[in-house]
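A short write-up of the structure that comes next.
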Amino acid sequence: MNPVLGSLQNRNIDTSAPVIVIAPGYHGHGIARSLGRLGVPVYGVHADQRSPAASSRYWRENFYMDMKKVSSEESVDWLLGLRRKIGSRPILIPTDDYSCIFVADHAF
């Protein structure tokens, strides 16, 4: 076992907040691996099913939505629907320039 990871698992870490990672292409795999190993439920949003990052075993579940191909309003509605499906108040992590700008422009 990794000594750093083992010491983190022995601490009282709250892993109850789910995380949604906007992970098109190669982005997001490291986040899924790191948080998933700690027991955090991590959900991936990938541009398509061939996305290399979608193959990580640490995703609780993968979802597919190419935010560049639909309107901003559709993307916001879709993400809010995903939040309702997952439950709780997930943490949203964008991982590329487009998704970072999208989240910044639509934060509320």
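Observations, loosely collected:
- All positions within the range 21-40 that are over 11 Å from SER99 (Cβ atoms), outside any helix (DSSP H, G or I) and either at pLDDT below 95 or in contact with a helix residue (DSSP H, G or I) (Cβ under 8 Å, 6 or more places away or on another chain) (or both): TYR26, LEU38, GLY39
Yes/no per residue for (1) in contact with a Lys or Arg (Cβ under 9 Å, 6 or more places away or on another chain); (2) of a type in the set (Ser, Thr, Tyr):
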{"position": "TYR43", "(1), (2)": "yes, yes"}
{"position": "GLN49", "(1), (2)": "no, no"}
{"position": "TRP59", "(1), (2)": "no, no"}
{"position": "GLU74", "(1), (2)": "no, no"}
{"position": "SER88", "(1), (2)": "no, yes"}
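- The range 41-66, residues that are basic (Lys, Arg) and modelled with pLDDT under 95: ARG50, ARG57
- With respect to the stated conditions, ARG57 is under 27 Å from ASN12 (Cβ atoms) and out of contact with any strand residue (DSSP E or B) (no Cβ under 7 Å at 6 or more places or on another chain).
- Sub-6 Å Cβ pairs linking a first residue in the range 92-105 that is surrounded by 11 or more Cβ atoms within 10 Å (Cβ to Cβ) to a second residue that is part of a helix (DSSP H, G or I), at least 6 apart or interchain, are PRO94/CYS100; PRO94/VAL103, ordered by first then second residue.
- Residue count for the range 1-20, restricted to those that are among the hydroxyl-bearing types (Ser, Thr, Tyr) and modelled with pLDDT of 90 or more: 2
- Hits in the range 21-42 (condition: surrounded by fewer than 20 Cβ atoms within 10 Å (Cβ to Cβ) and in contact with an Asp or Glu (Cβ under 8 Å, 6 or more places away or on another chain)): GLY25
- A count restricted to the range 48-81 and to residues that are surrounded by fewer than 13 Cβ atoms within 10 Å (Cβ to Cβ), out of contact with any Phe, Trp or Tyr (no Cβ under 9 Å at 6 or more places or on another chain) and over 13 Å from GLY28 (Cα atoms) stands at 8.
- Close pairs (6 angstrom Cβ cut-off, 6 or more residues apart or separate chains): closer than 15 Å to GLN49 by Cα in the range 63-74, exposed (fewer than 12 other Cβ atoms within 10 Å of the Cβ) and at pLDDT below 95 anywhere: TYR64/GLN49
- Among residues of the range 82-91, those that are part of a loop (DSSP other than H, G, I, E, B) and surrounded by 13 or more Cβ atoms within 10 Å (Cβ to Cβ), counted: 1
The values are calculated or read from the model by the stated rules, or taken from the named source; none is laboratory data. Everything quoted here is computed from the prediction, not taken from an experiment. Glycine also receives a Cβ, built like all others from the backbone with ideal geometry; neighbour counts cover every protein chain displayed.
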